[in-house]
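Sharing a structure, written as structure tokens. Questions coming.
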């Protein structure tokens, strides 16, 4: 399995991943977890690198708040969309086309205060090695904001639907991806495994949240009846409470280099 390049799905990502209620929940959880870093008392701008950042929606919001931002990705199409937004918003953020495994050795990439790696590891052939490479990019005391697709949530969804044979096939093959062009990754990750990898890199976990703890398990009819802000409020409340956090579609780990 090669690392996934999203040139062919750039437009779908713009609509499906970052828009609507799903995007609101994601931004609310990330904003809460990162608030102590992004709103420091001294207002000193951070050096922020978005590794595998695609269109860079979250990172560009940080650039608009005065932080120094680099958006990196292997997809030229995704970076072109990011550049469109940089130009339209009059930002000074930069884009670099390179794999995240090369960040620590590329002289154009500065030492990093905050490294974003959101929904990338589950698309990589060697996610543990990628995480080790990311840790090398951080300044002492720097932070890694890591989100990944939670295999436990996918397993529970298949159980809930009664797709027992599909669950067995996925577990035997190790391939969890959907149909061609699906946004379900082939390699969703177990939280306990990723936490072990984080510990092996020498990083410390300072925040652990779930993203979409119950949203995806609601029927569309029920979601449509409720005010979106009420769902976001409860997602924030339960995002750090087990067992709900354990079943979230995505996991967010905020990690700090000693």
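In the stretch 176-199, which residues are assigned to a helix (DSSP H, G or I) and without any contact (Cβ under 8 Å) to a residue 24 or more places away in the chain?
Correct list: 192, 193, 196, 199.
Scan the stretch 236-251 and give yes if some residue there is part of a strand (DSSP E or B), closer than 24 Å to residue 117 by Cα and modelled with pLDDT of 95 or more, otherwise no.
Yes.
Return the total of residues in the stretch 139-155 being under 13 Å from the mean Cα position of the chain (by Cα) and within 15 Å of residue 174 (Cα to Cα).
Summing the residues that are under 13 Å from the mean Cα position of the chain (by Cα) and within 15 Å of residue 174 (Cα to Cα) in the stretch 139-155 gives 2.
Determine if the stretch 130-138 includes at least one residue that is more than 25 Å from residue 211 (Cα to Cα) and over 17 Å from the mean Cα position of the chain (by Cα).
Yes, because at least one residue in the stretch 130-138 is more than 25 Å from residue 211 (Cα to Cα) and over 17 Å from the mean Cα position of the chain (by Cα).
From the list 205, 211, 231, pick out the single residue that is closer than 18 Å to residue 32 by Cα, in contact with a helix residue (DSSP H, G or I) (Cβ under 9 Å, 6 or more places away or on another chain), touching a residue at least 24 places away in the same chain (Cβ under 8 Å) and surrounded by fewer than 16 Cβ atoms within 10 Å (Cβ to Cβ).
None of the others qualify; the one that does is 205.
Counting only residues that are in a loop (DSSP other than H, G, I, E, B), touching a strand residue (DSSP E or B) at 6+ places or on another chain (Cβ under 8 Å) and either surrounded by fewer than 22 Cβ atoms within 10 Å (Cβ to Cβ) or without any contact (Cβ under 8 Å) to a residue 12 or more places away in the chain (or both), how many does the stretch 104-136 have?
6
Residue 223 versus (1) in contact (Cβ under 8 Å) with a residue 12 or more places away in the chain; (2) under 20 Å from the mean Cα position of the chain (by Cα); (3) assigned to a helix (DSSP H, G or I): which is the lone unmet condition?
Unmet for residue 223, out of (1) in contact (Cβ under 8 Å) with a residue 12 or more places away in the chain; (2) under 20 Å from the mean Cα position of the chain (by Cα); (3) assigned to a helix (DSSP H, G or I): (2).
How many of the residues in the stretch 17-64 are closer than 22 Å to residue 98 by Cβ, within 14 Å of the chain's Cα centre (by Cα), part of a helix (DSSP H, G or I) and at pLDDT 90 or above?
Residues meeting the conditions: 2.
Conditions: (1) within 17 Å of residue 147 (Cβ to Cβ); (2) outside any loop (DSSP other than H, G, I, E, B). Residue 213 meets all but one. Number of the miss?
(2)
Which number in (1) surrounded by fewer than 18 Cβ atoms within 10 Å (Cβ to Cβ); (2) out of contact with any strand residue (DSSP E or B) (no Cβ under 6 Å at 6 or more places or on another chain); (3) under 21 Å from residue 64 (Cβ atoms) marks the one condition that residue 78 misses?
If we test residue 78 against (1) surrounded by fewer than 18 Cβ atoms within 10 Å (Cβ to Cβ); (2) out of contact with any strand residue (DSSP E or B) (no Cβ under 6 Å at 6 or more places or on another chain); (3) under 21 Å from residue 64 (Cβ atoms), just (1) comes out false.
Is it the case that some residue within the stretch 152-172 is over 30 Å from residue 258 (Cα atoms) and part of a loop (DSSP other than H, G, I, E, B)?
Yes, the conditions are met somewhere in the stretch 152-172.
Can you find even one residue in the stretch 142-152 that is at pLDDT below 95 and either in contact with a helix residue (DSSP H, G or I) (Cβ under 6 Å, 6 or more places away or on another chain) or surrounded by 16 or more Cβ atoms within 10 Å (Cβ to Cβ) (or both)?
No; the residues of the stretch 142-152 include none that is at pLDDT below 95 and either in contact with a helix residue (DSSP H, G or I) (Cβ under 6 Å, 6 or more places away or on another chain) or surrounded by 16 or more Cβ atoms within 10 Å (Cβ to Cβ) (or both).
The values are calculated or read from the model by the stated rules, or taken from the named source; none is laboratory data. Small disclaimer: the values here were computed from a predicted structure and weren't measured. FYI the Cβ positions are ideal-geometry reconstructions off the backbone, even for glycines, and counts take in every protein chain you see.
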